Number of protein chains: 2
Amino acid sequence: MGSIRDAATMPLAAYLWRRIRQLGVQSVMGVPGDMNLELLDYIDQVDGLTWVGNANELNAAYAADGYSRVKGCPGVLVTTMGVGELSAINGVAGAYTENVKLIHIVGTTGTRAQRARAMIHHCLGPDPDHRVYSKISQHVRAAHCWLDDVGTAPGEIDRVIRECYLHSLPVYIFVPMDFVHVPIPAAPIEAPVDLKPKTNPEACISAINAVIEEIETSTAPTVIVDALVHRFSAADVMNQLLDRLELPTFTTPMGKSIVPENKPYFYGVYNGQVSLPGVANVIENNSDLVVDIGFIHSDSNTGGHSRNISSGAQSILVAADYVQVGHARYENVYLVEFLTRLSETLSTYPLKRLPSQRRTLTIPPAPIPSDGDAKHITQSWIWKRIGSMARPGDILIGESGTAQFGFSDATFAPGVQYITQIYFGSIGYAVPACFGAAAAQAEREVANHGPGESGSRRGREGRTILVVGDGSLQLTVQEIGTMIKKGLRNVLIMVINNNGYTIERAIHGPEQEYNDITPWNHQLLLRAFGAQDGELNSRIVDTKDAFEEVISLPEYTHLDSIQLLEVMMDRMDVPWRLQAQIDLINERNARLKREKVENRE
Amino acid sequence: MGSIRDAATMPLAAYLWRRIRQLGVQSVMGVPGDMNLELLDYIDQVDGLTWVGNANELNAAYAADGYSRVKGCPGVLVTTMGVGELSAINGVAGAYTENVKLIHIVGTTGTRAQRARAMIHHCLGPDPDHRVYSKISQHVRAAHCWLDDVGTAPGEIDRVIRECYLHSLPVYIFVPMDFVHVPIPAAPIEAPVDLKPKTNPEACISAINAVIEEIETSTAPTVIVDALVHRFSAADVMNQLLDRLELPTFTTPMGKSIVPENKPYFYGVYNGQVSLPGVANVIENNSDLVVDIGFIHSDSNTGGHSRNISSGAQSILVAADYVQVGHARYENVYLVEFLTRLSETLSTYPLKRLPSQRRTLTIPPAPIPSDGDAKHITQSWIWKRIGSMARPGDILIGESGTAQFGFSDATFAPGVQYITQIYFGSIGYAVPACFGAAAAQAEREVANHGPGESGSRRGREGRTILVVGDGSLQLTVQEIGTMIKKGLRNVLIMVINNNGYTIERAIHGPEQEYNDITPWNHQLLLRAFGAQDGELNSRIVDTKDAFEEVISLPEYTHLDSIQLLEVMMDRMDVPWRLQAQIDLINERNARLKREKVENRE
């Protein structure tokens, strides 16, 4: 530890928070603890930066994830060494798996105690290595640093922030207690961190030429837009490109809402065999070129790995850091730059043979559900209905479970953002992610319209609509309290009450006790968590008519406080897509078992 | 994977659960998930084993910890790969740090998907290593196994169970989905797992002789009893030994309640400089021998590392797996066997010079608190009062925070068990640990008195009394719902409402917003989480008189349903021990800083 005390320094914590603010971050998630309290003192000193204080650390991580998905900047959370840090790790792992930018700042013991391996509270066992938790999180982060050196601290902060953006992944910053206040060189703060990856320009041009040639020589190309387009903040340039291409375009379940769904070239969700009738056929059998952009080929994003694209079709993969055309891979070609340059190229040299490219697909209309006439609220009805009630500027959060499968059938207005965690699939994600998303939405509205009459927002247009099952709700319910504490008024919580873990009943053990949950009184939750108007704003519906009536209320169309709507549904009703994926996997497993037995004989 | 299909086999999951039942386990904690559902099917098939189903996985781990502390057998929890497994890891780390026996069973993807590195939900990122989570938990367990081989599975299960007991630490058992039902050799199940460590008999005799000689040649020996005595189930033999020694005995904060506090040789809590006046002096300056049994020398268990035992005094350390007399260490001498043999030896050959050993210490009476006359509920009053209201058979759970510091001043009746997590100190521990402890207590009462009229317990004697602050409560509150679901009637929840994180206000930032929390309506919690009689059983008190009145109610003296008592206290009032430890650490830090500056000059 050196000593630098001149005007060209600032306290380490001040540097850290100013850097984070420069990224666009306004809300810092986390839970206070004795090893991070002094670090938190510096947050308020940065203009526009505020501390949230979540109900627990896992919730803080989920909230940071939801915040990042809306704002595009990293979600930031602060925890205490060990106890808080480990409590949050599952939320960080989810962000890692789904390529969400997080900065996890951990307040740790001082470096002297670390060297002495002192048995300080929150350490692990006897003769403790105070840095053992950093080994634990190495698997769920792109980079990390220990701010235990005055000279390198600014560079280390800047480096991990850059890595966070390059990979769109979580990073960790460990701050020993004795380094919070130390002066570090301030000069670097004046220049923003360079967040852009360095694309290889020759490789990029080659890739662009190869892609254009493939499109121009194809007769039936198809585009699939997936989640990484969102994660690398490429949606705008992507949509500009799509407007220039005018090729038939699909999204995956995870990519849903990136492409405006009113575009004439948009044809819905492609999810392997778990797609609406005709969809798989036009892509898998009738396309001679499939352009797969920003893909995450996880099971529930590919119909349980049931994509079966014709081997005769050419394939183009646009990944985060490379483009692959057939067997040729162009490395160090990064997503945003590639899409931008491709779009620019097409604006100068429009595609040849455009008329044939602009083909209109013939996809049969979606089947009419057999329970379409039901008066009660059914799976075949609810998701489309919630989808159609969402307006531009609204955010829809679907919890893992039936919501996640159901929303693929909904059509969203342009400008609706849909958030769900399909690959990692951690139940409990949605409630805190909703808090993070709603906080980000409120910040956005203030930025767009000014603070408004009551200090929080004026437009009162954008709503954050959470759809969570009664089972998943139980894991992280206390984050509703944080929404109340922070005075959010833009949240509509829909609790699907189907009496337990319905998705698991569908998979295994429909009547087993382990799929039951404690029946809660959801109508009391808002009040219990401190909402003065909680009773007034809690409702329960069990028919479609009642649902329609409630969502038409002025307090629902223009939210002015948190609303909770409990939606009663049948415990064994499931979305057709969930059942289709389960059937498909069961059939595959049965086939594998038969083959195994036959091989043995 | 071999194939064994004869009468000498049983399904792997059946073997696993029968083994676990043999250890005394009756309740299995956890959260269902598609990768463990089939594993759960086998629980009900084992007589006396039941599934709990917690509200989330961190809570399940804490609950398993609390359960283990009461029952002595391991706490068992089941999670799903990745999402559940990581959510629980902080609870497992706490058990690791505090030497609590846990068996964490993880249902994972099938081995074929693992080999294919398939992107199944709950996996980590692209090209996923499905076993990466096992690398993450390697730091918080004593042993693990993957049950992916028919021939070795029984041996592997038995091995990790044995390791769990040998070290009194968590272990992990990973069960791939395709191995749940496979038949494995059943023969080993007939013989119980050998859970006892192999003490070196010669080393043990040498250690006993050395210890006896030290005691006999000392003039003022003192005994300190600490947490590992409890963890290794050595309390009974320890107390038999103490009765034979009749030496002045103290416990640490973590060891509190192991020694019956009505014994004439018991002198209270020794916690370095953070002890009642006179305590440190008699040990540190007036003893010529200090016998430290089952020690965990963590900061808050040693008054912030402020023990200062005279260098002239001899020291004896009795650890989990060795005994050290002065500089001589006797390895492979295990706690229970050592204490048992020492006690046996003393029963045959009583100590010489006994009269001088049976010294009576003179410790000044505890100071009278300056706010003793206060009508409102004060820190100087509440802990002693709760301590004195606990009866033999009661369990007291103190959350990290003021409760943990305060309870060192209480005197417990013999047979009261006190549970707290001082070394790891993870707030949020206490509520789920209370559920686990109360479930274990209910099982014990059924075992002692039969199931009783209403199926759960008859004696209605033992109460589990939880003391949790309003801040800590927020982290894991939903586990109250599990208490309600499981029909527990023996739980009394005291919520210390002092308007935020009081312990952190004392440490840093008394008026900072980050030490505030969402003000909840605690009176509604029982009802919100499903208790029919929740309104009737929720009360609030803000004076000592009101507190006395409530705890004298028949529904409190003989619990018949869960009671919640909200205790209003001042936000800046703290136990003197907390303030003393903070002052001590601040002084030390200031001194170090001065020395550093002086060294520089």
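The values are calculated or read from the model by the stated rules, or taken from the named source; none is laboratory data. Given the structure is predicted, the values throughout are model-derived calculations rather than measurements. Quick reminder, even Gly has a Cβ in these numbers, built from the backbone with ideal geometry, and neighbours come from all protein chains shown. For the accessible areas, the whole protein counts, side chains as well, though only heavy atoms, and no ligand, DNA or RNA atoms are used. Shrake-Rupley method; radii C 1.70, N 1.55, O 1.52, S 1.80 Å.
With +1 on each Lys and Arg Cβ and -1 on each Asp and Glu Cβ, how big is the dipole of segment B:9-190 about its Cα centre, in debye rounded to the nearest 20?
360 debye
Under a 1.4 Å probe, what is the accessible area of the protein assembly as shown per residue, stated in Å²?
35 Å²
Enumerate the calculated ³J(HN,Hα) couplings along segment A:400-416 in order (Karplus 6.51 cos²θ - 1.76 cosθ + 1.60, θ = phi - 60°), each rounded to whole Hz, writing x wherever the residue is Gly or Pro.
Rounded to whole hertz, the list is 4, x, 4, 4, 4, 6, x, 5, 5, 8, 7, 10, 9, 5, x, x, 7.
HN-Hα J couplings of segment B:57-71 from phi, Karplus 6.51/-1.76/1.60, θ = phi - 60°, integer Hz, Gly and Pro as x?
Running phi through 6.51 cos²θ - 1.76 cosθ + 1.60 with θ = phi - 60° gives 6, 4, 4, 4, 5, 4, 5, 4, 4, x, 4, 5, 5, 8, 7 Hz.
Would you mind pulling out the separation of the Cα centroids of segment B:66-139 and segment B:413-445, in Å?
Centre-to-centre (Cα) distance: 23 Å.
Mind listing the label-point distances from A:HIS449 to the same position on all other copies, shortest first, one decimal in nm, points 7 Å along Cα→Cβ?
6.2
Just give the residues from segment A:272-318 buried by at least 30 square angstrom of accessible area in the all-chains context relative to the isolated chain, probe 1.4 Å, and say none if nothing qualifies.
For segment A:272-318, once contacts with the other chains are taken into account, A:ASP299, A:HIS305 lose 30 Å² or more.
If r is the Cβ-Cβ distance from B:SER310 to B:ASP570 and R0 is 56 Å, what FRET efficiency results, to the nearest 0.05? Write out the running numbers ahead of the final one.
Numbers: r = 39 Å, r/R0 = 0.70.
Between B:SER310 and B:ASP570 the formula returns 0.90.
For peptide A:518-526, how many partner chain Cβ atoms fall within 10 Å of a residue's Cβ, on average? Mind dumping the intermediate values first?
Numbers: counts 15, 5, 9, 9, 1, 2, 9, 4, 3.
That works out to 6 on average.
Longer than 30 Å from Cα to Cα, which of A:LYS485/B:LYS71; B:LYS256/B:LYS593; A:LYS486/B:LYS135; B:LYS71/B:LYS384; B:LYS71/B:LYS544 are they? Say none if no pair is.
From A:LYS485/B:LYS71; B:LYS256/B:LYS593; A:LYS486/B:LYS135; B:LYS71/B:LYS384; B:LYS71/B:LYS544, over 30 Å: A:LYS485/B:LYS71; B:LYS256/B:LYS593; A:LYS486/B:LYS135; B:LYS71/B:LYS544.
For chain A, which whole-number percentage of the solvent-accessible area (1.4 Å probe, protein heavy atoms only) is attributable to carbon and sulfur atoms?
51 percent
Name the residues whose placed amide hydrogens come within less than 5 Å of the amide hydrogen of A:ASP394, ignoring near sequence neighbours (fewer than 5 apart) on the same chain.
Under 5 Å from the amide H of A:ASP394: A:GLN417, A:ARG463.
Which residues, if any, in segment A:473-500 have at least 30 Å² less accessible area in the whole protein complex than in the isolated chain, probe 1.4 Å?
A:GLN474, A:LEU475, A:GLN478, A:LYS485
Below 18 Å, Cα to Cα, which aspartates and glutamates can A:LYS596 reach? Residues fewer than 8 away in the same chain don't count.
Excluding near neighbours in sequence, the set is A:GLU587, B:ASP148, B:ASP149, B:ASP178.
Using modelled backbone amide H atoms (1.01 Å from N, in-plane), which distant-in-sequence or interchain residues come within less than 5 Å of B:ILE540's amide H?
Under 5 Å from the amide H of B:ILE540: B:GLU566.
Modelled label-to-label distance, B:ASP542 and B:ASP583, 7 Å Cα→beta-carbon offset: nm?
In this crude spin-label approximation the distance works out to 3.0 nm.
Take peptides A:515-521, B:322-328, B:333-339, A:114-120 and line them up by average Cβ neighbours within 10 Å, highest first, as a rough protection proxy.
Descending packing order for the listed peptides: B:333-339, A:515-521, A:114-120, B:322-328.
Convert each backbone phi in segment A:302-318 into a coupling constant with the Karplus relation 6.51 cos²θ - 1.76 cosθ + 1.60 (shift: θ = phi - 60°), then list the ³J(HN,Hα) values in order as whole Hz, x for Gly and Pro.
9, x, x, 6, 10, 5, 9, 6, 3, 5, x, 7, 6, 10, 10, 10, 10
Take the Cα atoms of segment A:221-276, find their three principal axes, and give me the spread along each one in whole Å, biggest first.
Sorted largest first, the three principal extents are 30, 23, 19 Å.
Suppose R0 equals 45 Å. What FRET efficiency, 1/(1 + (r/R0)^6) with r the Cβ-Cβ distance, do B:GLN532 and A:ALA366 give to the nearest 0.05?
Efficiency, from the Cβ-Cβ distance: 0.55.
Please give the average number of partner chain Cβ atoms lying within 10 Å of the Cβ of each residue in B:56-65, rounded to a whole number.
Partner Cβ neighbours, averaged per residue: 3.
Taking H placed 1.01 Å from N in the peptide plane, check which residues at least 5 places from B:VAL76 or on another chain put their amide H under 5 Å from its amide H.
Sorted by chain and number, the residues that satisfy this are B:MET29, B:ILE103.
Quote the total accessible area buried by chains A and B together, excluding ligands, DNA and RNA, probe 1.4 Å, nearest 100 Å². Present the calculation step by step, with values, prior to reporting the outcome.
Working: alone 24190 and 24210 Å², together 41860 Å².
For chain A against chain B, roughly 6500 Å² becomes buried.
Pop a pseudo-label 7 angstrom from the Cα along the beta-carbon direction at both A:VAL550 and A:VAL132 and give the gap in nm to one decimal.
4.8 nm
Peptide B:112-124: average number of partner chain Cβ atoms within 10 Å per residue?
On the way: counts 3, 2, 0, 0, 1, 0, 4, 10, 7, 14, 10, 7, 8.
Per residue, the average neighbour count from other chains is 5.
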